[in-house]
Amino acid sequence: MVRDSPRTGPTGRRPLRARVLHPPLRLDRTRGPQRGRPLRPHGPRPSRARRLRPRAHPRGARLDPGRGALGEGGLRMGTGSRAPAPPHPLPGSRVFLLTARVRDLGSVDALVLGGGPAGLGAAWTLAAGGARVLVVEREETVGGLCRTHAREGYRFDMGGHRFITADRDLLDRVVRLCGDDLLLAERSSEVALLGRRFRYPLEPLDLARKLPPGLALRALLSYLRGRLRPGPPVESFEDWASRRFGRVLYELFIGPYTEKLWGVSPAALSPEWAGQRISVPDLWAAARALFARGDAPARTHAKTFLYPRLGMGQLFERIAAAARSAGALLLTGSVPRAFERRGTRLNAALLETPEGPARVRTDTVLSTVPLPCLLDLALGPEAARELEGAFPFRPVRFLNIALDRPEALPTTWCYVGEGRLRAGRLQEPKKRSPHMAPPGRSSLMIELPHAPGDDIDRAGDADLLERARGELGALGVDLGDDVRFAFSVRAPEAYPVHLRGTPAARARALAALGRLENLRTFGRQGAFRFIFSDAALRMGIAAGEGFLAGRLPTNQDLARVQSAQRLTEVASVVGPTVLAGRERG
Ligand SMILES: Cc1cc2nc3c(=O)[nH]c(=O)nc-3n(C[C@H](O)[C@H](O)[C@H](O)COP(=O)(O)OP(=O)(O)OC[C@H]3O[C@@H](n4cnc5c(N)ncnc54)[C@H](O)[C@@H]3O)c2cc1C
């Protein structure tokens, strides 16, 4: 059976635009605010923890155990009290254009926008430190891109995830939170190309053995040429990759795969992205990694990883539960519609919630929602338009196929190197945890990167499954009569596309937002960086700790947090005691 997915994501909502009356702050390359009072310097402030008021639920909010979102880490707001809209715009402040009466949710110390790893990391830290926190999440469940969708005993991540970190403190927290539900999984991955399967990460000897001999020789010569002959400065991902892996390998696999994934020519992509995504710097490093014994491996080479028994989403459900039990409120199915601003401070936000518009006063806004959305909300559509096009996202549709057979693939995941096929990656969730499918059965997940409004975006799930059968057939995977059901999940902001102009545009956007002294933006979407979940969590924790210490890190400091590229293998970090007796996923 095939079920159709909604066009607009699980909530069925379309992106909303803020409606504001006040003229927006303009983006400017010069320093300092353009109007309003001068900025308060970012110097040390009295410890926030001492100034915190006793924790309380926002007025009008109630926990509703009868509603679906609660069981999965969310909270619905009750009807609450209603405050009339202010009748006139206040000088020097942003006001809402109100069409209905607005529920007053009271005031919080921190309003966290987005309930993915970054937002949850912040909420968890803040609530544990005694701050009153409200998390506003667009979807019905929290977890962001790390959610796991469950149906009839089958569970699917949004793209298979691995939890890897070199941060011992974070690892400790994760291990404590998940306890026996954390499995140690072993990776196995490959690239399907030219009708063959190559090991991934690419291994020079494997390439030499499996590539046609003439091609292997040409690949080697072009690699040596790239290394020995210094060319012009590296300006694009194409320059970066062909210099490091050789033109032949670039044209064979890296170029076509990159273009399929990102939807733009690798010549238009910033080389900055390569450093964030690919932790193996070149083919020589790949060769050394094969024989390295004592060295810390690059992230790409990590052989083991931590994985929650019930999918990556389980980790973030635990974090959400920890945040909630420390007093944080999670409001799902809701979005911010506008901010109230006085000078350089945001004082309140107007939210759209399932129960209608609501207003919450806040001391600080910690945003992890997509950067273009925040620019629009905080600085106004005019400022957002100035940077329009600088921060595009590449959507991915995940086709989840429940099977009636015990195994789907020989490896955990497989990159589809052929540029002509639309699938980016195939995954078998059960290879990460045996609990991802019912006993004796397995499943397959296909990642389909696409452009907004293209044929993949428009296709129904039944159509998508038929196309998938064709592509899988070309890759030697025959689903036969074993499909029990299939459904797709959409991630409209799966990949922040790092164009060549992105670093400069990001610097301008972060500086402009930094003029609002009590607003911070971070996370994969908020900092517009290609980061993994551990870095997103660490950004959130850093923002939360900074708030509690009375000294919020700057947007730029938060954006610099990223996953360590050199890793100590997970097993040695966690330590033999913690992992003793733990089953392997
Ligand atoms: C295919 C794929 C595979 C990946 N594999 C791995 C992996 O193996 N290991 C790993 O560590 N990481 C992996 N990642 C990356 C990981 O998913 C992200 O780093 C992490 O989810 C980022 O967390 P975040 O909170 O910054 O952003 P997100 O997870 O995107 O969370 C942002 C949240 O904000 C919400 N939101 C958006 N707009 C609004 C709005 N207007 N109002 C309210 N809420 C809003 C979203 O619904 C979402 O919940 C992968 C990502 C993808 C796409």
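Of the residues making up the range 470-488, none is more than 15 Å from the ligand (Cβ to nearest atom), open to solvent by less than 40 Å² (accessible area, probe 1.4 Å), within 23 Å of the chain's Cα centre (by Cα) and closer than 22 Å to Gly263 by Cβ. Among the conditions (1) open to solvent by 10 Å² or more (accessible area, probe 1.4 Å); (2) modelled with pLDDT of 95 or more, the only one that Val561 does not satisfy is (2).
Residues that are over 18 Å from the mean Cα position of the chain (by Cα) and of a type in the set (D, E, K, R) were ranked within the range 397-425; the one that is surrounded by the most Cβ atoms within 10 Å (Cβ to Cβ) is Arg422.
Give Ala127, Ala166, Ala131 a once-over and let me know the one that is open to solvent by 30 Å² or more (accessible area, probe 1.4 Å) and either small (Gly, Ala, Ser) or under 14 Å from the mean Cα position of the chain (by Cα) (or both). From the options Ala127, Ala166, Ala131, the qualifying one is Ala166.
Looking only at residues in the range 239-263 that are in contact with a helix residue (DSSP H, G or I) (Cβ under 9 Å, 6 or more places away or on another chain) and farther than 21 Å from Asp206 by Cα, the one that is most open to solvent (accessible area, probe 1.4 Å) is Glu259.
Considering only residues in the range 223-238 that are crowded, with 18+ Cβ neighbours inside 10 Å and farther than 24 Å from His450 by Cβ, the one that is modelled with the lowest pLDDT turns out to be Gly226. For the range 357-396, a residue qualifies if it is within 15 Å of the ligand (Cβ to nearest atom), of a type in the set (A, V, I, L, M, F, W, C) and under 19 Å from the mean Cα position of the chain (by Cα), and the qualifying residues are Leu366, Val369, Leu371, Cys373, Leu374, Leu375, Phe391, Phe393, Val396.
Within the range 431-480, the residues that satisfy the criterion of being outside any loop (DSSP other than H, G, I, E, B) and closer than 17 Å to Glu190 by Cβ are Lys431, Leu444, Met445, Ile446, Glu447, Glu471, Leu472, Ala474. On inspection, Val573 passes the criterion of being modelled with pLDDT under 90, part of a helix (DSSP H, G or I) and within 16 Å of the ligand (Cβ to nearest atom). Confirm whether Gly546 is on the phi < 0 side of the Ramachandran plot and either at pLDDT below 95 or within 10 Å of the ligand (Cβ to nearest atom) (or both). When the stated conditions are applied, Gly546 does not pass them.
On inspection, Ile254 fails the criterion of being modelled with pLDDT under 65 and hydrophobic (A, V, I, L, M, F, W, C).
The values are calculated or read from the model by the stated rules, or taken from the named source; none is laboratory data. As the structure is a prediction and not an experimental result, all values here were calculated from the model. Reconstructed Cβ throughout: ideal geometry from the backbone, glycine too, with neighbour counts over all protein chains shown. We work out accessible area using only protein heavy atoms, side chains counted, and drop any ligands, DNA or RNA first. Shrake-Rupley method; radii C 1.70, N 1.55, O 1.52, S 1.80 Å.
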